[in-house]
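Trainee: First the structure, then my questions, so here it is.
The values are calculated or read from the model by the stated rules, or taken from the named source; none is laboratory data. A quick note: this is a predicted structure, and the numbers were derived from the prediction, not measured. No Cβ is skipped: glycine too gets one built from the backbone with ideal geometry, and neighbour counts run over all protein chains shown.
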Amino acid sequence: MTIRHVVSWKLATADETERAEHAARIKRGLESLPAVIPQLRSLQVGISVVPGDDYDVVLISDFDSLDDIQVYQEHPAHLEVAGFIRSVVASRSAVDFEV
């Protein structure tokens with residue numbers, strides 16, 4: 001069984017330059033995680049190419065189980081990235097489903 005974990009974020013800033021910087025930093029941070037969290041089977045991060053889109057950044061990641069998602073979410077490297085994300089987003093949407 002594979003569990004797909006999808007999260008989308010709307011950035012809080014209205015400034016386009018700042019939004020691009022925050023999105024790039026989120027992308028870099030998330031893309032660093034597979035090297036240190038073995039439970040993370042695959043990961044993709046996308047930045048919206050449509051200005052004014054509902055969400056600015058999306059994460060699509062795959063895990064073998066819900067337990068593996070829990071390990072990922074509690075990992076210190078993830079917590080560090082998540083702390084920055086929480087500091088710059090206005091809203092978040094997430095779903096986990098079986099693939």
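Trainee: Which one of the conditions (1) of a type in the set (Ser, Thr, Tyr); (2) within 13 Å of Val89 (Cα to Cα); (3) touching a Ser or Thr at 6+ places or on another chain (Cβ under 7 Å) does Ser42 fail to meet, given that it meets all the rest?
Mentor: (2)
Trainee: Still on this structure: For the stretch 1-41, how many residues are over 12 Å from the mean Cα position of the chain (by Cα) and among the β-branched types (Val, Ile, Thr)?
Mentor: 6
Trainee: Of the residues that sit in the stretch 46-71 and are in a strand (DSSP E or B) and not β-branched (Val, Ile, Thr), which one is farthest from Ile26 (Cα to Cα)? If you could, list the steps in order and put the result at the bottom.
Mentor: Step one: filter the stretch 46-71 for residues in a strand (DSSP E or B), giving 46-47, 57-63.
Okay, now just the ones that are also not β-branched (Val, Ile, Thr), so 46, 59, 61-63.
Details: Gly46: 10, Leu59: 10, Ser61: 14, Asp62: 18, Phe63: 20 Å.
Filtering the stretch 46-71 for residues that are in a strand (DSSP E or B) and not β-branched (Val, Ile, Thr), the one farthest from Ile26 (Cα to Cα) comes out as Phe63.
Trainee: Right, something else. Among (1) in contact with a Lys or Arg (Cβ under 9 Å, 6 or more places away or on another chain); (2) more than 23 Å from Val99 (Cα to Cα); (3) free of Cβ contacts under 8 Å to residues at least 60 places away in the same chain; (4) β-branched (Val, Ile, Thr), where does Val49 come up short?
Mentor: (1)
Trainee: Any idea which residue in the stretch 72-90 is nearest to Ile37 (Cα to Cα), counting only those that are in contact (Cβ under 8 Å) with a residue 12 or more places away in the chain and part of a helix (DSSP H, G or I)? Before you say what the answer is, go through the steps one by one.
Mentor: First, the residues of the stretch 72-90 that are in contact (Cβ under 8 Å) with a residue 12 or more places away in the chain: 72, 75, 77-78, 80-81, 84-85, 88-90.
Then keep just the ones that are part of a helix (DSSP H, G or I); that gives 72, 77-78, 80-81, 84-85, 88.
Details: Tyr72: 7, Ala77: 8, His78: 9, Glu80: 13, Val81: 13, Phe84: 18, Ile85: 18, Val88: 24 Å.
Selected residue: Tyr72.
Trainee: Output the number of the condition that Glu18 fails; it satisfies all remaining conditions of (1) free of Cβ contacts under 8 Å to residues at least 24 places away in the same chain; (2) in a helix (DSSP H, G or I); (3) touching an Asp or Glu at 6+ places or on another chain (Cβ under 7 Å).
Mentor: Looking at each condition in turn, Glu18 falls short on (3).
Trainee: Given the options Asp62, Asp96, Asp68, name the one that is at pLDDT 95 or above, surrounded by 12 or more Cβ atoms within 10 Å (Cβ to Cβ) and touching a Ser or Thr at 6+ places or on another chain (Cβ under 6 Å).
Mentor: Numbers: Asp96 fails: touching a Ser or Thr at 6+ places or on another chain (Cβ under 6 Å); Asp68 fails: touching a Ser or Thr at 6+ places or on another chain (Cβ under 6 Å).
Criteria check complete, one pass: Asp62.
Trainee: For the stretch 8-25, which residues satisfy the criterion of being out of contact with any His (no Cβ under 7 Å at 6 or more places or on another chain) and surrounded by 12 or more Cβ atoms within 10 Å (Cβ to Cβ)? Steps first, please.
Mentor: If we filter the stretch 8-25 for residues that are out of contact with any His (no Cβ under 7 Å at 6 or more places or on another chain), which is where we start, we get 8-10, 12, 14-25.
If the condition is that a residue be out of contact with any His (no Cβ under 7 Å at 6 or more places or on another chain) and surrounded by 12 or more Cβ atoms within 10 Å (Cβ to Cβ), then Ser8, Trp9, Lys10, Ala12, Glu18, Arg19, Ala20, Glu21, His22, Ala23, Ala24, Arg25 are the ones that fit.
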